[in-house]
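Throughout, read-outs are computed from the coordinates displayed, never taken from laboratory work. Please read these numbers as outputs of a predicted model, since none were measured by experiment. Methodologically, a virtual Cβ is constructed for each residue, glycine included, from the backbone with ideal geometry; neighbour enumeration extends over all protein chains shown.
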Amino acid sequence: MVEKGDFVKVDLTARIKESGEIFETTYEEVAREAGIYDERKVFVPMSVVVDGGHFLPAIDEALIGMEEGGSKHLEILPKDGYGERNPTSIKMIPLKEFKNSNINPTAGMQVTMGYNEGRVLTVNGGRVKVDFNHPLAGKTLEYDLKVVKVIEDDVEKVKSMIALHYPIQPNFDLEKTKVKIDGKTVIIELYKTANLNKNQTQFAITQAKSRISKDIWKNMDVEKVEFVESFEKPPEKEENSEDKKTSDPEKSIE
């Protein structure tokens, strides 16, 4: 039975009840059929801590008591999801505020103003209408859940939090990430492609490491988390015969 504080892997598909629109899934085939496939995303079961703040509380409650391999259909009303839509969360903002940040707002664009994220509705007459309601506010949500695995091994628990928080790309091999537990210290050596990922900012990586550490402290008997970074020299490419010919000045003259 799944209990609070358990580390679990969960497969899920989530949709808006009113429209049937799928907005989240761990299944690649479902994502393709729903038109939400993203080649930058890895479609695998989601690793979470039950009641660890990773899911809506209603989903955590649904998971508690389920068995490994068990499935459940869940319906979440707005009050237990992302709340009702609030008209006061739709703001008119001067266009110059966007221009000062080198942003050219267009309808449908996702924007961040201060600590708030919103969606641009209209741009008209030097003013921008932005909706700061959560995109799923006012919606009844449906989740199909399956508990794929309850994680017992401590090293696998650590790796599950890396899988949850780190900005993983398809070329990132979690199995090659090294984890060592020495007393109350966890030492994590991330696989080199994670360290050298050019598609992520250093700020995002630092935030991810902070979240990983906090979840490990909170849910395991650990006091310190260390991240070790190592960089390997890539193998040298052998020049083919044509490359050698053009790179040799004497042969080029011939």
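Taking the average, over residues, of other Cβ atoms within 10 Å as the packing measure, peptides 137-144, 221-228, 157-164 rank 157-164, 137-144, 221-228 from highest down.
Dipole orientation for segment 44-106: of the candidates Pro105, Pro87, Pro57, Pro105 has the Cα lying most toward the positive pole (charges on Cβ; Lys, Arg +1; Asp, Glu -1). Just to be sure I understand, if you calculate Cα Rg over 2.2 N^0.38 Å for this structure, which of (i) 1.07; (ii) 1.31; (iii) 1.45 do you get? For Cα Rg over 2.2 N^0.38 Å, the calculated option is (ii). Counting 0.36 nm for each residue step from Lys41 to Ser101 and taking away their Cα separation leaves a gain of 18.7 nm. Electrostatic tally near Leu12: other residues with Cβ closer than 13 Å to its Cβ, Lys and Arg +1, Asp and Glu -1, net -1.
Here the dipole of the chain is about 1300 debye; that uses its Cα centre as origin and unit charges on the Cβ of Lys and Arg (positive) and Asp and Glu (negative). Footprinting exposure proxy ranking of Ile212, Ile36, fewest other C-beta atoms within 10 angstrom first, gives Ile36, Ile212.
Sites listed here are GluC sites (Glu not before Pro) in segment 1-45 whose DSSP assignment is loop and whose Cβ has at most 15 other Cβ atoms within 10 Å: Glu3, Glu18, Glu21, Glu39.
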